[in-house]
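Note sheet for the following structure.
The values are calculated or read from the model by the stated rules, or taken from the named source; none is laboratory data. Please read these numbers as outputs of a predicted model, since none were measured by experiment. Ligands, DNA and RNA are stripped out before the accessible areas are found, and what is left, the full protein with its side chains, is counted by its heavy atoms. Shrake-Rupley method; radii C 1.70, N 1.55, O 1.52, S 1.80 Å.
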Amino acid sequence: MHSAYSITTRSLLLGLLLLPRAGLCADTAQQLAQRVVKYYNGLHSLRTAFTETFHGMGIDREESGTLLLRKPGKMRWSYSHPAGKVFVLDGKYAWFYSPGDAQVERVSSGQLDDLRSPLRFLLGHTQLQKELVGLTLSSGPDGLQLSGVPKGMEKRVEKIVLGVTPEGVIHSMSITETDGAQTAFTFKDSMADAPAPDSEFVFHPPAGVPVVDGLPPV
């Protein structure tokens, strides 16, 4: 993703897994998306380990850490590599900071244009099939995939692909931007309804580091 901090199914029929890719229709994608929403809307919170890779703009980067999501619309990305890097969405603002930065970036959640934001609605009440324009279903080497373009991000994102398991867990997300840059996330060791106290979604700027309102850094 451009920012330095710069979306599942249950009980799919076995026959669906054996269909050729060309036989997967739009109606099936809609039904699968509904199952995704049903699963995630049943959660209060979610904690998962993540690995993030970025390729583009002459940059190749791999980072990792822990993601914590909580309704409604709160999330925290705590990076272990690089240590101390953090992205917090507290419901009102998104905060971006990495140790050594000269400032903390703060963005109103209503103006957030970050590639992690498609995950935010999974713990809200939004319908996935309405959030992804041109929703399609396919099968790949790692299983089922839902693809589309996040609504409102058409000018920036060419395609987003969600990898899901038959049990209803998202295990990967890849984003291809219109300029060719690619960001990919893999998720593992997920814990549904994990402890998610308010304190996890409060960001306190380091002493002496100014807070600047604006877009997250490239």
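Listed values for segment 194-207 are Karplus-derived 3J(HN,Hα) couplings in whole Hz (6.51 cos²θ - 1.76 cosθ + 1.60, θ = phi - 60°), namely 6, x, 8, x, 3, 4, 5, 10, 10, 10, 10, x, x, 4, and x replaces Gly and Pro.
Probing with 1.4 Å while keeping every protein chain in the model, the per residue accessible area of segment 31-121 equals 42 Å².
Extent of segment 137-218 along its three principal axes (Cα atoms, max minus min coordinate, largest first): 50, 36, 19 Å. Hey, which of these cross-link pairs are over 21 Å Cα-Cα: LYS85/LYS159; LYS38/LYS71; LYS155/LYS188? Pairs exceeding the cut-off: LYS85/LYS159; LYS155/LYS188. The mean accessible area for residues of segment 170-218, using a 1.4 Å probe and ignoring ligands and nucleic acids, is 56 Å² per residue.
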